[in-house]
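Below: the structure, in structure tokens.
Every number in this text was worked out from the coordinates using simple rules, so none of it is lab data. Quick caveat, the model's predicted, so the values are computed rather than measured. Neighbour counts run over all protein chains shown; Cβ positions are idealised from the backbone, glycine included.
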């Protein structure tokens, strides 16, 4: 066990830790999380998130499907899937309208990967879930409401 | 480094379905502990899956992905015995990479 590493891990928040690592020269500032779309994940409202993703105002499409339970007993683990029959899908994102930050996850799909992704998300309360799909450079969206009887954010 | 991921990959009719179960706390940074102090955010930010050297899925996660994230996706191609590599990075800079062979 590397005790120094343990101490570093215990000593506070992620931001402070990153700062320390940066100061120690282990990672250079700007390298960490460089690829992660911070603006999109920090955005609170749906509109801001869509803007940060460069999606503007996507059109509703019947060719995008959101799957999930109608009622989720436990908001901490809500199975959600996005599928689309649209061609050339390059990006899929899952947004939860009433969570503190709307964007839950985004996926970049290279050619050959099907527009069919399943994961599990947390939901703070009953909310609409949006599936955002980028096909041929255009954004499309579908919605499903999931009722949550027990929230997954906060105690 | 985190605990090992569970990765299952199965090829059927030329399409490989990959299922990944990652072991990670995925702390949101919204929760408070019993003393009322906010538990700092700790979550996976990026996860990449590769078939051999080719990236088949690259994803970005926010803190609202569930604890011990589950992910399933499908890609065309892949043959029995091919190697699938999944790697993630979290907001503390920790990383982990695991491999599995397609069944």
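Quick check on the range A:51-96: of everything there that is touching a helix residue (DSSP H, G or I) at 6+ places or on another chain (Cβ under 9 Å) and crowded, with 18+ Cβ neighbours inside 10 Å, which residue is farthest from the other protein chains (Cβ to nearest Cβ)?
That would be A:58.
What are the residues in the range B:75-87 that are facing chain A (nearest Cβ under 7 Å) and surrounded by fewer than 23 Cβ atoms within 10 Å (Cβ to Cβ), if any? Break it down into steps so the answer makes sense when it comes.
Just the residues of the range B:75-87 that are facing chain A (nearest Cβ under 7 Å), to begin with: B:75-77.
Those that are facing chain A (nearest Cβ under 7 Å) and surrounded by fewer than 23 Cβ atoms within 10 Å (Cβ to Cβ): B:76, B:77.
Among the listed residues B:9, B:49, identify the single one that is buried (at least 16 other Cβ atoms within 10 Å of the Cβ), within 22 Å of residue A:92 (Cα to Cα), at the interface with chain A (Cβ under 10 Å from one of its Cβ atoms) and touching a residue at least 12 places away in the same chain (Cβ under 8 Å).
Values: B:9 fails: at the interface with chain A (Cβ under 10 Å from one of its Cβ atoms).
So the residue among B:9, B:49 that is buried (at least 16 other Cβ atoms within 10 Å of the Cβ), within 22 Å of residue A:92 (Cα to Cα), at the interface with chain A (Cβ under 10 Å from one of its Cβ atoms) and touching a residue at least 12 places away in the same chain (Cβ under 8 Å) is B:49.
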